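Peer 1: Could you have a look at this structure, given as structure tokens, before my questions?
The values are calculated or read from the model by the stated rules, or taken from the named source; none is laboratory data. Not measured: the values here are computed from a predicted model. Here Cβ is always computed from backbone atoms with ideal geometry, including for glycine, and neighbour counts include all displayed protein chains.
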Amino acid sequence: MKICYFGTYESDYIRNRVLISGLEQNGVEVIHCRDTAPGLKKYINLWRKHKLIKNDYDVMIVGFSGQAMMPLAKILSRKKIVFDGLVPLHDAIVYNHKSIRPISLRALYYWLLDFIAAHLADLVLTDTAEHIFFYHRKFYVNQKKFLRLFVGADETIFFPRTHVKSKDDFVVEFHAFVYAEHGVDYIIDAAQILKSIHPDIRFVMIGASVQYDQAAERAKKLNLSNMEFTGRKPLREIPEYLAEADVCLGLFGKTEKTQRVIPNKAFEILASRRPLINSDGAGVRELLKNGENCILCEPASGQSLADAIIKLKNDSALRQKIADNGYELFRQSLRPVALGKQLKDRLIEMI
């Protein structure tokens, strides 16, 4: 089987990297038709590059996030087209980034991009059944058109390492490009609760964004000496922080998206064999089980998060159980080769 990976996708973004690697590990030949030139030039360049390929492939995949590429893909390709719609642009830009007003022409523009892309595709990829239902409800797309495909993690970067303790404190790690669904304010609330009763618990916060900076400023005003804000770190340095952590954190916000998604970092934590704490939600429960391979706490609750941290701090056997079971889950069904096989099987069925 030969796949044409098409669009302006970031080849280093975890979703694209995992799927491409997974397909190749399953014997699929992946040819890249990619361009990131500004403005209209990228469309011209993609047309020229695709002309050289001459439709010599079995299926086209428009890589994440390629909503704007779908009309061109439909014009150029005579084959079945798969759209990786992992995150709807309208939802991300309007409600997560909060960069435009919900009732505006720009918001309508992004809604139309998602709507058109999903309806033009022969198959749409997303990460949870909750997201599939969201597409159906928001963009009126038939749910039979979707394939739920978990995000996974790059196992060349994230894999079990020896747990290294540099100090006697209990390290709680968090990493993300911070948006509303991460609920960083509730992590700060938990740190404030734990500061006096468990002074040996230390939070290491890795990330960036306006909301990350705001959180760091709030922690400073509260004089939370048990929180360290490192700023952004290269992806390949994150495993070092995971190896030093006693527990690792996922999402804790109260947005609608928080209920639908499983964060990328959760897969990285599972792959690294570290104990995961995440807020409870329908999307997370599609994969994870509370007390078995993670600890789930109440969304938007600093107290519930603090209780979960204390629970794991006081029970080393539970920490090890959750870490081991989480890694076994990743090893069995979330490695790139497993996800690639799942996608390949559906593509064979489709064509």
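Peer 1: Pick out the one residue from A117, A129 that is surrounded by fewer than 17 Cβ atoms within 10 Å (Cβ to Cβ) and small (G, A, S).
Peer 2: A129
Peer 1: List the number of the failed condition for I262; all other conditions in (1) in a helix (DSSP H, G or I); (2) touching a residue at least 60 places away in the same chain (Cβ under 8 Å); (3) within 20 Å of R15 (Cα to Cα) hold.
Peer 2: Just one mismatch for I262, condition (1).
Peer 1: Moving on to the next point. Quick check on Y140: is it in contact (Cβ under 8 Å) with a residue 12 or more places away in the chain, of a type outside the set (A, V, I, L, M), buried (at least 22 other Cβ atoms within 10 Å of the Cβ) and not assigned by TED's automatic domain parsing to the domain that holds G253?
Peer 2: no
Peer 1: To continue, here is another question. Quick one: count up the residues across region 85-122 that are part of a helix (DSSP H, G or I), over 18 Å from Y140 (Cβ atoms) and of a type in the set (S, T, Y).
Peer 2: 1
Peer 1: Can you tell me which residue in region 241-270 is nearest to F203 (Cα to Cα), limited to those that are in contact with an Asp or Glu (Cβ under 8 Å, 6 or more places away or on another chain) and of a type in the set (V, I, T)?
Peer 2: Among those residues, the one meeting the criterion is V247.
Peer 1: May I pose another question? Using the structure shown, decide if L318 is modelled with pLDDT of 95 or more and buried (at least 17 other Cβ atoms within 10 Å of the Cβ).
Peer 2: no
Peer 1: Next question. Of the conditions (1) closer than 24 Å to H97 by Cβ; (2) part of a helix (DSSP H, G or I), A308 satisfies every one except a single condition; which number is it?
Peer 2: All conditions are met except number (1).
Peer 1: (1) touching an Asp or Glu at 6+ places or on another chain (Cβ under 8 Å); (2) buried (at least 22 other Cβ atoms within 10 Å of the Cβ); (3) assigned to a helix (DSSP H, G or I): which one isn't true of V82, the others all being true?
Peer 2: (3)
Peer 1: Looking at D91 and the list (1) closer than 17 Å to R260 by Cα; (2) without any contact (Cβ under 8 Å) to a residue 60 or more places away in the chain, which single condition is not satisfied?
Peer 2: (2)
Peer 1: Report the residue count in region 228-259 for those that are under 18 Å from S301 (Cα atoms) and without any contact (Cβ under 8 Å) to a residue 60 or more places away in the chain. Working first, answer last.
Peer 2: The initial filter retains those residues of region 228-259 that are under 18 Å from S301 (Cα atoms), namely 247-259.
With without any contact (Cβ under 8 Å) to a residue 60 or more places away in the chain added as a condition, the list becomes 250.
Number of matching residues: 1.
Peer 1: Restricting the first residue to region 176-194 and requiring it to be of a type in the set (V, I, T), which pairs with a second residue that is assigned to a loop (DSSP other than H, G, I, E, B) meet a Cβ separation below 6 Å and a spacing of at least six or different chains?
Peer 2: V178/S209; V184/V178
Peer 1: I've got another one for you. Can you name the number of the only condition in (1) part of a helix (DSSP H, G or I); (2) at pLDDT below 95; (3) surrounded by fewer than 24 Cβ atoms within 10 Å (Cβ to Cβ) that L329 fails?
Peer 2: Single failed check for L329: (2).
Peer 1: Quick one: what pairs do we get from region 41-62, first residue on the phi > 0 side of the Ramachandran plot, second exposed (fewer than 14 other Cβ atoms within 10 Å of the Cβ), C-beta under 9 Å, 6+ apart or different chains?
Peer 2: Final answer for the pair search is N55/R78.
Peer 1: Looking at region 207-242, which of its residues are among the aliphatic types (A, V, I, L, M) and either under 21 Å from A306 (Cα atoms) or not assigned by TED's automatic domain parsing to the domain that holds F177 (or both)? Lay out the reasoning, then the answer.
Peer 2: Of all residues in region 207-242, those among the aliphatic types (A, V, I, L, M) come to 208, 210, 215-216, 219, 222, 224, 227, 235, 238, 242.
Passing the criteria: A215, A216, A219, L222, L224, M227, L242.
Peer 1: Within region 143-174, count every residue that is without any contact (Cβ under 8 Å) to a residue 24 or more places away in the chain and not basic (K, R).
Peer 2: Going through region 143-174 one residue at a time, the tally reaches 3.
Peer 1: What pairs come up if the first residue lies in region 1-26 and is acidic (D, E), the second is buried (at least 22 other Cβ atoms within 10 Å of the Cβ), and their beta carbons are under 7 Å apart, counting only those six or more places apart or on different chains?
Peer 2: Here the result reads E10/N16, each pair linking region 1-26 to a residue that is buried (at least 22 other Cβ atoms within 10 Å of the Cβ).
Conditions (1) out of contact with any strand residue (DSSP E or B) (no Cβ under 9 Å at 6 or more places or on another chain); (2) at pLDDT 95 or above; (3) crowded, with 19+ Cβ neighbours inside 10 Å; (4) over 25 Å from M350 (Cα atoms), marked per residue:
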| site | (1), (2), (3), (4) |
| --- | --- |
| Y13 | yes, no, no, yes |
| V18 | yes, yes, yes, no |
| L23 | no, yes, yes, no |
| N26 | yes, yes, no, no |
| H32 | no, yes, no, no |
| Y43 | yes, yes, no, yes |
| R48 | yes, yes, no, yes |
| K51 | yes, yes, no, no |
| V59 | no, yes, yes, no |
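Peer 1: Which count do you get for residues in region 182-195 that are within 25 Å of the chain's Cα centre (by Cα) and surrounded by fewer than 23 Cβ atoms within 10 Å (Cβ to Cβ)?
Peer 2: 3
Peer 1: Determine which member of the set E155, E130 is closer than 26 Å to L276 by Cα, in a helix (DSSP H, G or I) and not aliphatic (A, V, I, L, M).
Peer 2: When all the criteria are applied, what remains is E130.
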